[in-house]
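Trainee: I have a structure here, written as C-alpha cells, and I will follow up with some questions on it.
The values are calculated or read from the model by the stated rules, or taken from the named source; none is laboratory data. Being a predicted model, the structure only gives us computed values, none of them experimental. Neighbour counts are summed over all protein chains in view; Cβ atoms, including those assigned to glycine, are modelled from backbone coordinates with ideal geometry.
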C-alpha cells in the first residue's frame with residue numbers, strides 16, 4: 001500500500017509536495033524508501049533471470065543442445081565444485097543474518113565480525129566461480145562451444161556481478177561501522193544487505209537446479225511452459 005501511495009501521489013501539487021517533504025524526513029521514511037527500491041530492483045532482476053530461464057529451456061529443445069551433466073565428458077559431470085560453491089554462499093548468507101541479529105541486540109563488535117566474515121565468504125564464492133570457469137575453459141567447454149555452455153557462463157556471470165554489487169553496498173555498511181554510526185542506522189543497512197544476500201542465495205539455488213537437470217526434465221518443463 002505504501003508503494004501504491006507513492007506512485008499515485010500528485011507530486012505536482014505544491015501542498016502535496018510540501019506534505020511529502022515534511023513526512024519523509026525521518027530515518028524510518030528514508031529506510032522505507034530504500035527498502036522499496038531494493039524490492040523493485042529484486043523484482044527486475046527476477047524478471048531478467050526468468051527470461052534467461054525461459055530462453056534456456058526453449059534452446060534445450062533445439063538439435064545440438066548438450067546438457068551440462070550426465071556423461072563423463074560433460075562440463076558438470078561432477079557437481080562437487082558447485083556444491084562447494086553453494087556451501088560457501090550459504091555461509092555468507094548465514095553470516096549476514098548473524099551480523100544483523102547482533103546489530104539488533106546492540107552488540108556492535110560481533111556485528112562487525114560477522115559482516116566481515118560474510119564479505120570474506122562472498123569473495124571466496126566469487127573466486128571459486130572464477131576457478132570453475134577456468135577449469136571448464138581449459139577442458140574445451142568455452143563460451144561458444146555449445147549454447148548450454150553459453151547460458152552457464154551468462155547466468156552464473158550475471159549472478160556473480162550482482163554479488164559483486166552487493167559487496168559494494170556492504171562496504172557502505174562497514175563504513176558506517178568505522179564511523180561509529182548509530183546502531184539503528186547500522187541495523188537498517190545490514191537488514192538491506194541481509195535481504196539481498198538471501199535473495200542471491202535463493203537465485204543461486206535455482207540456477208544450480210536448472211543447470212544440472214537431464215534432457216527429460218528440460219523436455220517436461222518445455223511442455224509445461226508451452227515451449228515444447
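Trainee: Kindly indicate the residue of region 177-228 that is in a loop (DSSP other than H, G, I, E, B), modelled with pLDDT under 75 and at negative phi and also farthest from the chain's Cα centre (by Cα) among those meeting that condition. Explain how you work it out, then say what you get.
Mentor: Let us first name the residues in region 177-228 that are in a loop (DSSP other than H, G, I, E, B), namely 179-182, 212-214, 225-228.
Filter once more, keeping what is modelled with pLDDT under 75: 179-182, 228.
If we keep only those that are at negative phi too, we end up with 179, 181-182, 228.
Details: 179: 28, 181: 27, 182: 28, 228: 29 Å.
Only one residue tops the list, namely 228.
Trainee: Sticking with this one: Report the residue count in region 187-212 for those that are in contact with a helix residue (DSSP H, G or I) (Cβ under 8 Å, 6 or more places away or on another chain) and closer than 21 Å to residue 99 by Cα.
Mentor: Count: 15.
Trainee: In addition: Give just the number: which of (1) under 21 Å from residue 210 (Cβ atoms); (2) surrounded by fewer than 19 Cβ atoms within 10 Å (Cβ to Cβ) does residue 123 not satisfy?
Mentor: In the conditions (1) under 21 Å from residue 210 (Cβ atoms); (2) surrounded by fewer than 19 Cβ atoms within 10 Å (Cβ to Cβ), residue 123 misses (1) alone.
Trainee: Conditions first: (1) at pLDDT below 90; (2) within 18 Å of residue 189 (Cα to Cα); (3) surrounded by fewer than 18 Cβ atoms within 10 Å (Cβ to Cβ). Residue 143 passes all but one, so which condition is the exception?
Mentor: Residue 143 satisfies every listed condition except (2).
Trainee: When you check residue 168 against the structure, is it free of Cβ contacts under 8 Å to residues at least 12 places away in the same chain, under 16 Å from the mean Cα position of the chain (by Cα) and either closer than 22 Å to residue 204 by Cα or surrounded by fewer than 18 Cβ atoms within 10 Å (Cβ to Cβ) (or both), yes or no?
Mentor: yes
Trainee: Of the residues that make up region 165-176, is at least one modelled with pLDDT of 90 or more, out of contact with any helix residue (DSSP H, G or I) (no Cβ under 8 Å at 6 or more places or on another chain), over 16 Å from residue 88 (Cβ atoms) and not in a loop (DSSP other than H, G, I, E, B)? Even if it seems obvious, please write down each step before you answer.
Mentor: Initial filter on region 165-176 (modelled with pLDDT of 90 or more): 165-167.
Filter once more, keeping what is out of contact with any helix residue (DSSP H, G or I) (no Cβ under 8 Å at 6 or more places or on another chain): 165.
If we keep only those that are over 16 Å from residue 88 (Cβ atoms) as well, we get 165.
The next check asks that each one be not in a loop (DSSP other than H, G, I, E, B); those that pass are 165.
Yes, there is a match, as at least one residue in region 165-176 is modelled with pLDDT of 90 or more, out of contact with any helix residue (DSSP H, G or I) (no Cβ under 8 Å at 6 or more places or on another chain), over 16 Å from residue 88 (Cβ atoms) and not in a loop (DSSP other than H, G, I, E, B).
Trainee: Take the residues in region 56-83 that are assigned to a helix (DSSP H, G or I) and surrounded by fewer than 14 Cβ atoms within 10 Å (Cβ to Cβ), then tell me which one is modelled with the highest pLDDT. Show your work before the answer.
Mentor: Of region 56-83, the ones assigned to a helix (DSSP H, G or I) are 56-59, 80-83.
When the remaining residues are screened for being surrounded by fewer than 14 Cβ atoms within 10 Å (Cβ to Cβ), the result is 80, 83.
Numbers: 80: 90, 83: 95.
Per the criteria, the residue is 83.
Trainee: Same structure again: Residues to consider are 161, 154, 174, 91; find the one that is over 22 Å from residue 213 (Cα atoms), out of contact with any strand residue (DSSP E or B) (no Cβ under 7 Å at 6 or more places or on another chain) and surrounded by fewer than 15 Cβ atoms within 10 Å (Cβ to Cβ). Write out each step before concluding.
Mentor: On the way: 154 fails: over 22 Å from residue 213 (Cα atoms); 174 fails: surrounded by fewer than 15 Cβ atoms within 10 Å (Cβ to Cβ); 91 fails: surrounded by fewer than 15 Cβ atoms within 10 Å (Cβ to Cβ).
Exactly one of 161, 154, 174, 91 is over 22 Å from residue 213 (Cα atoms), out of contact with any strand residue (DSSP E or B) (no Cβ under 7 Å at 6 or more places or on another chain) and surrounded by fewer than 15 Cβ atoms within 10 Å (Cβ to Cβ), namely 161.
Trainee: Could you figure out which of (1) touching a residue at least 60 places away in the same chain (Cβ under 8 Å); (2) more than 20 Å from residue 212 (Cβ to Cβ); (3) in a loop (DSSP other than H, G, I, E, B) isn't true of residue 99?
Mentor: (3)
Trainee: Of all the residues that make up region 103-120, how many are within 24 Å of the chain's Cα centre (by Cα) and either surrounded by fewer than 16 Cβ atoms within 10 Å (Cβ to Cβ) or within 30 Å of residue 214 (Cα to Cα) (or both)?
Mentor: Qualifying residue count, region 103-120: 4.
Trainee: Name, by its number, the condition in (1) surrounded by 14 or more Cβ atoms within 10 Å (Cβ to Cβ); (2) over 17 Å from residue 190 (Cα atoms); (3) touching a helix residue (DSSP H, G or I) at 6+ places or on another chain (Cβ under 8 Å); (4) at pLDDT below 85 that does not hold for residue 31.
Mentor: Residue 31 satisfies all of (1) surrounded by 14 or more Cβ atoms within 10 Å (Cβ to Cβ); (2) over 17 Å from residue 190 (Cα atoms); (3) touching a helix residue (DSSP H, G or I) at 6+ places or on another chain (Cβ under 8 Å); (4) at pLDDT below 85 except (2).
Trainee: Being farther than 30 Å from residue 97 by Cβ and in a helix (DSSP H, G or I) is the filter here, so list the residues in region 107-152 that pass it.
Mentor: 134, 135, 136, 137, 138, 147, 148, 149, 150, 151
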